[in-house]
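What follows is a single structure, written as structure tokens, with notes after it.
Read the figures in this text as sums done on the coordinates, not as results from a lab. Remember, predicted model here, so these are calculated numbers, not experimental data. Ideal geometry is used to build each Cβ from the backbone, glycine not excepted, and the neighbour counts take in all protein chains shown.
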Amino acid sequence: MFKSEVYTRRREELRKKIKSGIGLLIGNIEAPMNYPDNTYHFRQDSDFLYYFGLDLPGLTGLMDFDSGKDRIFGNDYDMDDIIWMGPQPTIKELAMKCGISDTASISKLEERIKDALSKKRKIHFLPPYRGETKMTLGKLLKENPCQMKTHASVDLIKAVISMRSIKEKVEIDEIEKAVEIAYEMHVTAMKMCKQGVREQDIFGAIEGIALAKGGGTSFPVILSINGQTLHNHSHGNILSKGKMMVTDAGAETNLHYASDITRTTPVGGKFNEKQKDIYEIVLKANTEAIKATKPGMSNRDLHFNACKIITSEMKNLGLMKGDVDEAVAAGAHALFMPHGLGHMMGLDVHDMEALGENFIGYNDEVKRSDQFGTAFLRFALPYKPGHVFTVEPGCYFIPELIAKWKAEGKFKEYINYSKIDGYMSIGGIRIEDNVLITEKGHKVLGKPIPKTVKEVESICS
Ligand SMILES: [Mn+2]
């Protein structure tokens, strides 16, 4: 974890934003896989990590916004635990690491909340996303666990988002480390991208790198020669000539900061003409979007710029037609790029998504579009220095979607359906980088990962 001052300062800052009541931040507990003692890899709650830094199961942080006192609730290990798990620090010792001297056992938490409820004090908590946390909250607050998400404190959600959105120097350093791990993962995947190799071999190799160099992957690896499926988590194919492999994979550092990178590699390491045509379009959308990234620019404007680049280049290839601006306004480009340009990244790969996407990327003035494609844009607001974003345009040939639109005659004024057939074997292409917004512009994080046609072909040979 970071130095204790980091966490003390963050809680001080939060106290300035929430003036009264109690903040209840419940850390994650172990989650069983197939029987109680056989658990999934433990992942701490990101908000708990942000304010308390303690990366162990079974802890709860309580902030009294009126008195200014913080307390960690958790149970010390007993002899049985020590026999199986070895000697462990006490809750007191752990709490000191995040600048808190006041601790109590978990059983005391219920009393404390009961007391607060009897005094009609406001209890601020964040939307729970795990069943166990919903149950705990329901029990503590004497409410229906199923309603805990809607009863979360909007004030606390907004305060946390305002802080976690702007990354501190120590956090940027961590994210950069995570991108360095992703570099190793992607270069390895590119080198292995040869005819006859199984997707599973490459998947296992890069997952291993993430585990060896950090805290594992930041989300389940997407790796497939069927890249037209945006989040393809099955790795059962054997690489064959003429296909392209989409690898969308990132790592977590040991402190749980994420990276999220996508590269698309032709099997065998050499692009054919059609692959190159589409690849250059996506690459242009990626590099132009990155170039334009700066404070004040909105992610939505940048998204539409990327969509316009894709539309205009697809028009040059003869796959689209008509007026580019009108085609994008109508949503015709979404046949090829049905997702948003990118998302925030930090302690979560889709940063703070558990707190509610519309609180993060939208506000009272900027509302989410309900148009197919644009509706998936996770963030529409202007960038601020300290934001970290992914920039990830893509171009996909989704047989089912194309067949449906073609049958409906949808956007036939903008799309040349007869020309599309020749490109179906490409599947999908996505190129994604991680970008920090600086005072004057932006910085692409990490060591540059091969991206141009020349660079990709050279690393593969
Ligand atoms: Mn991403």
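How much FRET efficiency would the formula 1/(1 + (r/R0)^6) give for S240 and K120, where r is the Cβ-Cβ distance and R0 is 60 Å, rounded to 0.05? Let's see the in-between values first.
Working: r = 67 Å, r/R0 = 1.11.
For S240 and K120, the calculated efficiency is 0.35.
Report summary: the helix-based calculation at 222 nm, which adds -39500 (n - 2.57) for every DSSP H run with n ≥ 4 and divides by the residues of the chain, gives -12000 deg cm²/dmol. Which trypsin sites (Lys or Arg not before Pro) does the stretch 258-320 hold that lie in a coil by DSSP with at most 15 other beta carbons within 10 Å? Within the stretch 258-320, the qualifying trypsin sites (Lys or Arg not before Pro) (loop, at most 15 other Cβ atoms within 10 Å) are K270. For the stretch 84-124 and the stretch 236-297, what is the separation of their Cα centres, given in Å? Between the Cα centres of the stretch 84-124 and the stretch 236-297 lies a distance of 45 Å. Taking only the C-alpha atoms of the stretch 169-460, Rg followed by Dmax gives 18.2, 53 Å.
For the stretch 398-461, chymotrypsin sites (Phe, Trp or Tyr not before Pro) are listed when DSSP marks them as loop and at most 13 other Cβ atoms sit within 10 Å of their Cβ; the list is empty.
Quick check: from the Cα gyration tensor, does the stretch 322-461 come out rounded (a/c under 1.5), prolate or oblate? Oblate. Here is the list for the stretch 117-164: trypsin sites (Lys or Arg not before Pro) lying in DSSP coil, each with at most 13 other C-beta atoms within 10 angstrom of its C-beta, are K119, K120, K142. Taking a ≥ b ≥ c as the square roots of the eigenvalues of the Cα gyration tensor, the stretch 212-356 is oblate, since a/c reaches 1.5 or more and a/b is not larger than b/c. Beyond 30 Å in Cα-Cα separation lie the following of the pairs K108/K167; K243/K406; K167/K454; K169/K454; K167/K194; K404/K443: K108/K167; K167/K454; K169/K454; K167/K194; K404/K443. Summary value for the stretch 169-460: 24 percent relative contact order, contacts being C-alpha pairs under 8 angstrom separated by 6+ residues.
In angstrom, the C-alpha Rg and Dmax of the stretch 4-164 are 15.5, 44.
Taking label points 7 Å from Cα along the Cα-to-Cβ direction, F359 and D201 give a separation of 4.7 nm.
Between exposed GluC sites (Glu not before Pro) in the chain, where DSSP calls loop and at most 10 other Cβ atoms lie within 10 Å, what's the longest gap? Within the chain, the longest run free of exposed GluC sites (Glu not before Pro) spans 1-364. Give me the aspartates and glutamates in straight-line cross-link reach of K241: C-alpha distance below 20 Å, same-chain residues under 8 apart excluded. The qualifying aspartates and glutamates are E199, D201, E273, D277, E280, D421, E455, E457.
Here the contact order of the stretch 4-164, divided by its residue count and restricted to Cα pairs under 8 Å and six or more residues apart, works out to 24 percent. For the stretch 226-267, the residues whose amide N sits under 11 Å from a probe point set 7 Å from the Cα of E400 along the beta carbon direction are 229-230.
State, as an integer percentage, the relative contact order of the stretch 334-440 based on alpha-carbon contacts under 8 Å between residues 6 or more apart. Intermediate values should be presented prior to the final figure.
Working: 147 pairs, mean separation 37.1, N = 107.
After rounding, I find 35 percent.
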